[in-house]
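Student: Sharing a structure, written as structure tokens. Questions coming.
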Amino acid sequence: MTDSIAEKIESLREKINHHNHRYYVLAEPEISDYEFDKLLNELILLEEKHPEFITKDSPTQRVGSDITKTTNQIEHKTPMLSLSNTYNEDELFAFDKRVKIGLDETELVEYIVELKIDGVSASIHYQNGLLAKAATRGDGVVGEEITNNIRTIRSIPLKVKEHSNFEVRGEVFMPIDGFNRLNAEREKRGEKLFANPRNSTAGTLKLQDPKLVDERPLDIFTYYLLGDNLNINSQAESLNYLEQLGFKINSNYKLCKNIEEVISYCREWETKRDNLPYEIDGIVIKVNLFEQQKILGSISKSPRWATSFKFKAKQVTTKLHKVTWQVGRTGAVTPVAELEPIELAGSVISRATLHNYDEIERKDIRENDFVKIEKGGDVIPKVVEVDLSQRGNDSQPLAIPTECPICKLELQRTESEVALYCVNNFCPAQVKGRIIHFASRGAMDIEGLGEAIVNLFVDKGYLNSFPDIYNLSDKEDELKSLDRFGEKSIENLLASIEKSKEQPFHKVLFALGIRYVGAGVARKLVSAFKTIEKLKAATTEELEAVDEIGPSISNSLTEYFSQNKNIELIEKLQNSGLNFETDEKEIGNSKLEGLTFVVTGSLSMSRDEAKEKILLSGGKFSSSLSKKTNYLLAGEKAGSKLKKAETLGVKIISEDEFNRFLDKY
Ligand code: IVH
């Protein structure tokens, strides 16, 4: 009896795995979704009745219910290298030449060319034919474990027929339509949008709950197989074997006899890529034979036997309806192009930055023009140039604005700077920007006082300047009666405001938003001058004697402290109980000057606290180990960073030793 149930379960699993492969890997389903679901439900029911037969590789076990709480670091026994880049034919010819010089010049070299999928690379380990572990690339030597998340990707087999041990590497990606659907849902829920499919893939792989990952449309193309006794001699054989094992590979690869064929493949895909349902950012070119790859070897982080051909950023042309001017917290007024919405590399673009008026003049950008836009590495697209062939008769050069778009007062333009400024300190746009900065995470860290609330409170007249924040508690009842808030949220906000009074002086100084005084400069100033009185009294020479403080910062500070209204503002904040001098504990020093630290494992303090201590003592903090690291501060369960530190010859210290280090002098 039991035997037949076990057999039934096994036969169902085989059927499901087969259809899963037909659907997710080959995109050639043999049965309907309905029939597939019937098989899966049958298996689910049987396993529920007979839980003793549930195994990890069952297709019902893809989505685990365990939340990943800790991040496990995994060392890549074979480093995950990156690729050198080429951008044009000449560079491809040069690559070919280097390969030939590296080998015997008379030897024949064949190249495999593959699409360079724009996603996140992952390494997946199989033991005895079962998916055992998966990790991100990390810094190439040590990555983070993502096994539970990788298991949710249906095109990855949980089990392969060959019962061997091997590692598969590939690119996890999100298809464009899945990405758009995800962003549309996020928009509906008022959540932050992902800039592109690659970012959303990276964000998804970092999630701790595999159930959430399962709701995201991730997929993978595998391109690399590592293992002993695999009996494969080339990249072409490798791809074939991956396919045989049931992995998804990208079938657009090609074996090229020479670099000319490689070049025409690159040209071909430069246009064909627009029709793909996923994003690619170039072509990967690999020497086909492993024997030749071995001879060529690698230089530092990339192999000599491979390179990538990077496509130029995608551009589209669209109509520029209008140029609007945005006022930032410092009063800088910057132009923004309002565009006819258009799709570009997976998202719809309706605005682009124009940087400043000089750029508008230089590129002769006018309203009603057709402009070419492209996405750089970041979210905000930029206007590249005007398509003059489409310029109509109605086109008029844009005038430089003379008044602030918000407060209507006259704008100023400094000689040395291309920027325009609204010098009205009370301009609502500036007031809002300043308060948003003041309350932000790196400054006073007031939770609940984000952009939308600040805008509302300024418009309602509750907030005009920083001290008003600390008087909001007087208006508690009034705030609670506002439509948008519950009692609890106002109470939380007021508690968070109260708590912000504990922020150390350097955060308060940063929060003030003095021009050129960023978080790092604020820290330096506080560690040099200790109190606001001394900082106020400091002369230009004294200021500039501080490391990294030059004339623009010192002028900005002198100018700031010369204004009565700023002195009054500081007094009010002092009366509200904010810190304007350093606590002995957080006075910076230079005990750790010139030393770089990496922190790993769990310590009695948080990672951020450790970082803070290191920075305050003049040390440098880094998240990845290298030869330049001086110390690895290792807590409990330190993981693979320890090994890496040993191989690199980096000194490893415990938390106690670290604390003694700081007390020593
Ligand atoms: S081969 C040494 N093949 O591009 C071999 N990489 O900069 C390196 N990538 O980290 C990887 N598609 O994330 C290879 N068909 C492909 C690829 C590919 C995308 C990514 C991968 C890698 C990066 C290299």
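Coordinate-derived values only; no laboratory data. Here the structure is a predicted model, which means the values were calculated and not measured. Reconstructed Cβ throughout: ideal geometry from the backbone, glycine too, with neighbour counts over all protein chains shown.
Student: With r as the distance between the Cβ atoms of L45 and D228 and R0 = 45 Å, compute the FRET efficiency 1/(1 + (r/R0)^6) and round to 0.05. Write out the running numbers ahead of the final one.
Tutor: Working: r = 41 Å, r/R0 = 0.91.
The computed FRET efficiency comes out at 0.65.
Student: Here is a further query. Identify the trypsin sites (Lys or Arg not before Pro) of the range 274-365 meeting these criteria: DSSP loop state and at most 13 other C-beta atoms within 10 Å of the C-beta.
Tutor: Passing sites in the range 274-365 are K312.
Student: Now for a separate question. Give the calculated FRET efficiency between E261 and A399 to the nearest 0.05, with a Förster radius of 60 Å applied to their Cβ-Cβ distance.
Tutor: Efficiency, from the Cβ-Cβ distance: 0.65.
Student: In the range 598-665, which trypsin sites (Lys or Arg not before Pro) fall in coil by DSSP and have 13 or fewer other Cβ atoms within 10 Å?
Tutor: Details: sites: R607, K611, K613, K620, K627, K628, K637, K641, K643, K644, K651, R660, K664; in loops: K627, K628, K637, K664.
Filter output for the range 598-665: K627, K628, K637, K664.
Student: Let me ask something else. Check the cysteines of the chain one by one and keep only those with no other cysteine Cβ under 4.7 Å from their own.
Tutor: Taking the Cβ cut-off of 4.7 Å, the unpaired cysteines of the chain are C256, C266.
Student: Could you tell me which GluC sites (Glu not before Pro) in the range 472-520 are loop residues by DSSP with no more than 16 other beta carbons within 10 angstrom of their beta carbon? Kindly include the intermediate steps, with their values, before the conclusion.
Tutor: Values: sites: E476, E478, E487, E491, E498, E502; in loops: E502.
Sites meeting the loop and neighbour criteria: E502.
Student: Over 20 Å, how big is the tail of the calculated P(r) for the range 586-665, in percent of all Cα pairs? Walk me through the numbers on the way to the answer.
Tutor: Details: 730 of 3160 pairs.
Value for the range 586-665 (Cα pairs over 20 Å): 23 percent.
Student: Which angle from 0 to 90°, rounded to the nearest 10, does the C-alpha axis of helix 259-272 make with the longest principal axis of the chain?
Tutor: So the helix axis and the longest Cα principal axis differ by about 60 degrees.
Student: While we're here: Over the chain, what relative contact order in percent results from Cα pairs under 8 Å that are six or more residues apart?
Tutor: 9
Student: If you take the square roots of the eigenvalues of the alpha-carbon gyration tensor of the range 27-78 and sort them as a ≥ b ≥ c, do you get rounded (a/c under 1.5), prolate (a/b over b/c) or oblate? Kindly include the intermediate steps, with their values, before the conclusion.
Tutor: On the way: a/c = 2.81, a/b = 1.59, b/c = 1.77.
It comes out oblate by the Cα gyration axes.
Student: Which whole number of Å³ per residue matches the convex hull of the alpha-carbon atoms in the chain?
Tutor: On the way: hull volume 150.3 nm³, N = 665.
Spelled out: Cα convex hull of the chain, divided by residues, is 226 Å³.
Student: Here's another thing I want to ask about it. Net charge around V284, counting only other residues with Cβ within less than 11 Å of its Cβ (Lys, Arg = +1; Asp, Glu = -1)?
Tutor: 0
Student: Against the empirical 2.2 N^0.38 Å scaling, what ratio does the C-alpha Rg of the range 61-166 come to? Walk me through the intermediate numbers first.
Tutor: Working: Rg = 18.6 Å, N = 106, 2.2 N^0.38 = 12.9 Å.
Compared with the compact-globule rule of thumb, the range 61-166 sits at 1.44.
Student: Across the range 210-342, what fraction of all alpha-carbon pairs, as a whole percent, falls in each successive 10 Å bin from zero upward?
Tutor: Result, from short to long distances: 9, 25, 27, 18, 13, 8, 1 percent.
Student: Please get the size of the charge dipole for the chain, origin at its Cα centre, with Cβ charges of +1 on Lys and Arg and -1 on Asp and Glu, quoted in debye to the nearest 20.
Tutor: Values: 90 positive and 106 negative charges, 152 e Å.
Magnitude of the dipole: close to 740 debye.
Student: Using the Cα centre as the reference, give the magnitude of the dipole from point charges on the C-beta atoms of the range 148-286 (Lys, Arg: +1; Asp, Glu: -1; all else neutral), rounded to the nearest 20 debye.
Tutor: 360
Student: Given contacts defined as C-alpha pairs under 8 Å and at least six residues apart, what's the relative contact order of the range 74-143, whole-number percent? Intermediate values should be presented prior to the final figure.
Tutor: On the way: 47 pairs, mean separation 31.7, N = 70.
The value is 45 percent.
Student: So what's the convex hull volume per residue for the Cα atoms of the range 522-665, in Å³?
Tutor: Taking only Cα atoms, the range 522-665 has a hull volume of 127 Å³ per residue.
Student: How long are the semi-axes of the ellipsoid equivalent to the range 173-231, from square roots of 5 times the Cα gyration tensor eigenvalues, in whole Å, largest first?
Tutor: Here the semi-axes work out to 29, 12, 9 Å.
Student: Taking the Cα-to-Cβ direction at I31 and at T414 and moving 7 Å from each Cα, how far apart do the two end points lie in nm?
Tutor: If labels sit at I31 and T414, their model points lie 7.2 nm apart.
Student: Could I ask something else about it? In debye, nearest 20: dipole of the range 433-528 around its Cα centre with unit charges on the Cβ of K, R (+) and D, E (-)?
Tutor: Computed charge dipole of the range 433-528: roughly 640 debye.
Student: Any idea which of I249, T271, V546 is furthest toward the positive side of the dipole for the chain, if Lys and Arg beta-carbons carry +1 and Asp and Glu beta-carbons -1?
Tutor: Most positive-ward Cα: V546.
Student: Would you mind ranking R434, R169 so that the residue whose beta carbon has the fewest other beta carbons within 10 Å leads the list?
Tutor: On the way: R434 22, R169 19.
Least to most surrounded, the residues fall as R169, R434.
Student: Rank S606, S11, F485 by how far each Cα sits towards the positive end of the charge dipole of the chain (+1 on Lys, Arg Cβ; -1 on Asp, Glu Cβ) and give me just the farthest.
Tutor: S606
Student: How many angstrom separate the Cα center of the range 590-650 from the Cα center of the range 32-77?
Tutor: 38
Student: Using only the Cα atoms of the range 533-587, build the gyration tensor, take square roots of its eigenvalues as a ≥ b ≥ c, and label the shape rounded, prolate or oblate: rounded if a/c is under 1.5, else prolate if a/b is larger than b/c, else oblate.
Tutor: It is oblate, given that a/c is not under 1.5 and a/b is not larger than b/c.
Student: Okay, next question. Just the projected area, averaged over all directions, of the convex hull on the alpha carbon atoms of the range 273-412: how many nm²?
Tutor: 13.0
Student: Further question on the same structure: With point charges of +1 on the Cβ of Lys and Arg and -1 on the Cβ of Asp and Glu, referenced to the Cα centre of the range 31-183, which listed residue (S121, T147, F173) lies farthest in the positive direction of the dipole?
Tutor: Most positive-ward Cα: T147.
Student: With angles folded into 0 to 90 degrees, how steeply does helix 197-206 sit against the dominant principal axis of the chain? Use alpha carbons for both and round to 10.
Tutor: Once rounded, the angle reads 90 degrees.
Student: Over the Cα atoms of the range 417-524, Rg to Rh with Kirkwood Rh, two decimal places?
Tutor: Values: Rg = 14.6 Å, Rh = 14.7 Å.
Checking Rg against Rh, the ratio lands at 1.00.
Student: Could you work out the helix-only [θ] at 222 nm for the chain, with each DSSP H run of four or more residues adding -39,500 (n - 2.57) and the total divided by the number of residues, to the nearest 500 deg cm²/dmol?
Tutor: -10500 deg cm²/dmol
Student: Could you list K272, K591 so that the one with the fewest beta carbons within 10 Å of its beta carbon is first and the one with the most is last?
Tutor: If I rank by nearby Cβ atoms, fewest first, I get K272, K591.
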